[in-house]
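Input: a single structure, listed below in structure tokens.
The values are calculated or read from the model by the stated rules, or taken from the named source; none is laboratory data. Keep in mind that what you see is a predicted model, and the values were worked out from it rather than measured. Using ideal geometry, Cβ is built from the backbone for each residue, glycine included, and neighbour counts are taken over all protein chains shown. Ligands, DNA and RNA are stripped out before the accessible areas are found, and what is left, the full protein with its side chains, is counted by its heavy atoms. Shrake-Rupley method; radii C 1.70, N 1.55, O 1.52, S 1.80 Å.
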Amino acid sequence: EDWPPNHTFPMDKFERTAHALLSTLIDTRPLVQSVENFFRPLDVEKIPYEDWFFSIMDRGYVTRFLEGMLTEKESRPIGFKDQTGRPELIERTVLEVAGTVLACQLALEWGIASNVAGGTHHASPTSGAGYTILNDLAVASNVLLQDDGIQNILVVDCDVHQGDGTAKFSIPGMSTLSLHCQSNYPLRKARSTYDVGMDDGCGDEEYLRILAESVNTAIDEIRPDLVLYDAGVDVYESDRLGRLDVS
């Protein structure tokens, strides 16, 4: 509530996405039958912060964020400005990570699952950036790799911006593939396990060819037990800042 209406990050997109899932019909049936059919992650107070966050991230940074005490220097690259310390944003950020952990657990049980609020790939072990504060992909990978049956996880990041934050985590068993627009943010790229920088104006045919080759190569070499797919939609041709030409 009371989110600035003209903020560059439209917070209501999560509510609108949920509404779309409840109202979009496939063969006369909605994609999600009712609100009760959404899976619910752990409550904030039940999350094991030591195992999830402090084990792979800077304790001081995480603690300052959770207490609404990030410095102006730390908040500036995140982009939420004076909203960063709001209790609602802090809770939403933590629950977003919990949602991705839950989605991974459900995927192991059912074969596939999705968290439509996930993909916070610019957050690194020591800082946030680009509207992402805590990296759900890294946290979920680390949590799942504690399972005896999971030895290798591949993060396939198809956001138009490089998954630089995820690439900065050193988690044994987690590999990263980033397919992004080379000229786009961030200016200084990190080093993923696999980086595929595409030229401005890359269209459908070329994009799909590169995607297939890159994913097949990574899967053949990594042999992952689980794949986390960050499905950024900003590769779309009408995205104002995307620079690609994908329909």
Which of the residues that make up segment 14-72 are aliphatic (A, V, I, L, M), touching a residue at least 12 places away in the same chain (Cβ under 8 Å) and open to solvent by 50 Å² or more (accessible area, probe 1.4 Å)?
22, 35, 42, 66, 69
Residue tally, condition in contact (Cβ under 8 Å) with a residue 60 or more places away in the chain, under 27 Å from residue 75 (Cβ atoms) and either open to solvent by less than 10 Å² (accessible area, probe 1.4 Å) or in contact with a Phe, Trp or Tyr (Cβ under 6 Å, 6 or more places away or on another chain) (or both), over segment 144-165:
5
Criterion (assigned to a helix (DSSP H, G or I) and under 19 Å from residue 8 (Cα atoms)) met by exactly one of 63, 120, 93, 100:
93
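Looking only at segment 139-165, count every residue that is assigned to a helix (DSSP H, G or I) and more than 18 Å from residue 108 (Cβ to Cβ) and tell me the total. So that I can check it myself, show each step before the final result.
Of the residues in segment 139-165, the ones assigned to a helix (DSSP H, G or I) are 139-144, 164-165.
If we keep only those that are more than 18 Å from residue 108 (Cβ to Cβ) too, we end up with 164-165.
Residues meeting the conditions: 2.
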So residue 130 fits all but one of (1) crowded, with 23+ Cβ neighbours inside 10 Å; (2) under 26 Å from residue 239 (Cα atoms); what number is the exception?
(1)
Here is a list of conditions, (1) within 22 Å of residue 165 (Cβ to Cβ); (2) open to solvent by 70 Å² or more (accessible area, probe 1.4 Å); (3) modelled with pLDDT of 95 or more, and residue 104 meets all of them except one; can you say which number that is?
(2)
Only strands (runs of 3 or more DSSP E) wholly contained in segment 166-247 count here; list those with 3 or more residues that are open to solvent by less than 90 Å² (accessible area, probe 1.4 Å), without any contact (Cβ under 8 Å) to a residue 40 or more places away in the chain and not small (Gly, Ala, Ser).
174-181, 194-198
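Take residue 96 and decide whether it is within 29 Å of residue 153 (Cβ to Cβ) and among the charged types (D, E, K, R). Break it down into steps so the answer makes sense when it comes.
Numbers: within 29 Å of residue 153 (Cβ to Cβ): yes; among the charged types (D, E, K, R): yes.
When the stated conditions are applied, residue 96 passes them.
I want to confirm something. Restricting to segment 2-13 and keeping residues that are of a type in the set (D, E, K, R) and assigned to a loop (DSSP other than H, G, I, E, B), which single residue is surrounded by the fewest Cβ atoms within 10 Å (Cβ to Cβ)? Steps first, answer last, please.
Kept after step one, since they are of a type in the set (D, E, K, R), are these residues of segment 2-13: 2, 12-13.
Now narrow it down to the ones that are assigned to a loop (DSSP other than H, G, I, E, B): 2, 12.
Details: 2: 7, 12: 11.
For segment 2-13, the residue satisfying everything is 2.
Do we find that residue 151 is farther than 19 Å from residue 101 by Cα and not aromatic (Phe, Trp, Tyr) in this structure?
The answer is no for residue 151.
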All conditions in (1) more than 28 Å from residue 107 (Cβ to Cβ); (2) at pLDDT 95 or above are true of residue 212 except (1)
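Of these, 95, 22, which one is on the phi < 0 side of the Ramachandran plot and either of a type in the set (Phe, Trp, Tyr) or under 19 Å from the mean Cα position of the chain (by Cα) (or both)? Spell out how you get there, then give the answer.
Numbers: 22 fails: either of a type in the set (Phe, Trp, Tyr) or under 19 Å from the mean Cα position of the chain (by Cα) (or both).
Only one candidate qualifies: 95.
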State the number of residues belonging to segment 192-213 that are in contact with a Leu (Cβ under 6 Å, 6 or more places away or on another chain) and closer than 27 Å to residue 147 by Cβ.
1
Out of the residues in segment 75-91 that are open to solvent by 40 Å² or more (accessible area, probe 1.4 Å) and touching a residue at least 24 places away in the same chain (Cβ under 8 Å), which is nearest to residue 164 (Cα to Cα)?
77
